[in-house]
Amino acid sequence: MVTTWRFISPIEAPGQTQMAIDEWLLEQHRLGQGLPCLRFYQWDPIAISLGYHQRHYPEHWQNLAWHGQIIDLVRRPSGGRAVLHQGDLTYSLVTSGYRGRRRDVYAYLCKFLIQGWDNLGIRLCLGSDKHGYQSSANCFGSSTAADLVMNDGYKVIGSAQLYRDSCILQHGSMRLSPNPDLVETIFGTPISPPHPLVTMHPADIIAALTAAAQHIFDISWIHQPLSHYEQQQAIARAKTLQEL
């Protein structure tokens, strides 16, 4: 039976707002007040997001600037390591009903990413577990079974999850054209090897991934942008959680 999902129009917003929206959409779904959903977004201003449990990171990250603008430091509700959100496109999906090992859930939910990018001419596959992942502050410094890499090992997509009861938030950064100098300034190592996907327009990527999700998950779409009320509710909830 075909399931209905909500497709939420892409927005650009500060990282704190984007993370609040993701967490709020998950909670609404958990409460039975929101459909499964998929959305894409970009971070403005650019930011570094930290995994929920990531407490150790370089002190100089608190005083970084790029083109005269402060680089935000934002904490995700999901796990994982730090991600630079510059020259990237973020996807976020909220769904439920999946059981089993988390790596198997990752593998299934990542199928739409693999198919969508394959339709764009980019072959991706799941990464492999690396023992050094937890010792690195950089999400893109190594790959795990939750990530998608090219044949030569270059990591294109880093994903993370948050579970609430039987509901799942999975979101991830798809790096398209990261600035090599900025990456080296933040993480101390250059991008290697460089694979800028600058010829890909975000709208084309979104169209390909949305079509792939419809096929993989056997769903139909309701196109419904975030309302001003929903954005305000998400931000209010984020402030409440920060105070606890």
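The values are calculated or read from the model by the stated rules, or taken from the named source; none is laboratory data. Source: prediction; values computed, not measured. No Cβ is skipped: glycine too gets one built from the backbone with ideal geometry, and neighbour counts run over all protein chains shown.
Worth pointing out:
- Single condition Q42 does not satisfy, out of (1) in contact (Cβ under 8 Å) with a residue 12 or more places away in the chain; (2) under 18 Å from C167 (Cβ atoms); (3) not in a helix (DSSP H, G or I): (2)
- Residues of region 114-142 satisfying the condition of being in contact with a Phe, Trp or Tyr (Cβ under 6 Å, 6 or more places away or on another chain) and at pLDDT 85 or above: L124
- Checked against (1) surrounded by 14 or more Cβ atoms within 10 Å (Cβ to Cβ); (2) touching a helix residue (DSSP H, G or I) at 6+ places or on another chain (Cβ under 6 Å); (3) at pLDDT 90 or above, A145 meets all criteria but (3).
- Residue selection: I206 satisfies the criterion of being in a helix (DSSP H, G or I), at pLDDT 95 or above and under 30 Å from D152 (Cβ atoms).
- Residue match in region 87-104 (condition: farther than 18 Å from F187 by Cα, in contact with an Asp or Glu (Cβ under 6 Å, 6 or more places away or on another chain) and outside any strand (DSSP E or B)): no
- With respect to the conditions (1) surrounded by 13 or more Cβ atoms within 10 Å (Cβ to Cβ); (2) in a helix (DSSP H, G or I); (3) at pLDDT 90 or above, A238 falls short on a single one, namely (3).
- Some residue of region 48-66 being part of a strand (DSSP E or B), among the aromatic types (F, W, Y) and at pLDDT below 95: yes
- Pairs meeting the criteria (first residue in region 84-112 and within 27 Å of Y57 (Cβ to Cβ), second residue basic (K, R) and surrounded by 15 or more Cβ atoms within 10 Å (Cβ to Cβ), beta carbons under 7 Å, at least 6 apart or on different chains) are G87/R175; D88/R175; S92/R39.
- Region 67-86: number of residues that are part of a loop (DSSP other than H, G, I, E, B), surrounded by fewer than 17 Cβ atoms within 10 Å (Cβ to Cβ) and touching a Leu at 6+ places or on another chain (Cβ under 9 Å): 1
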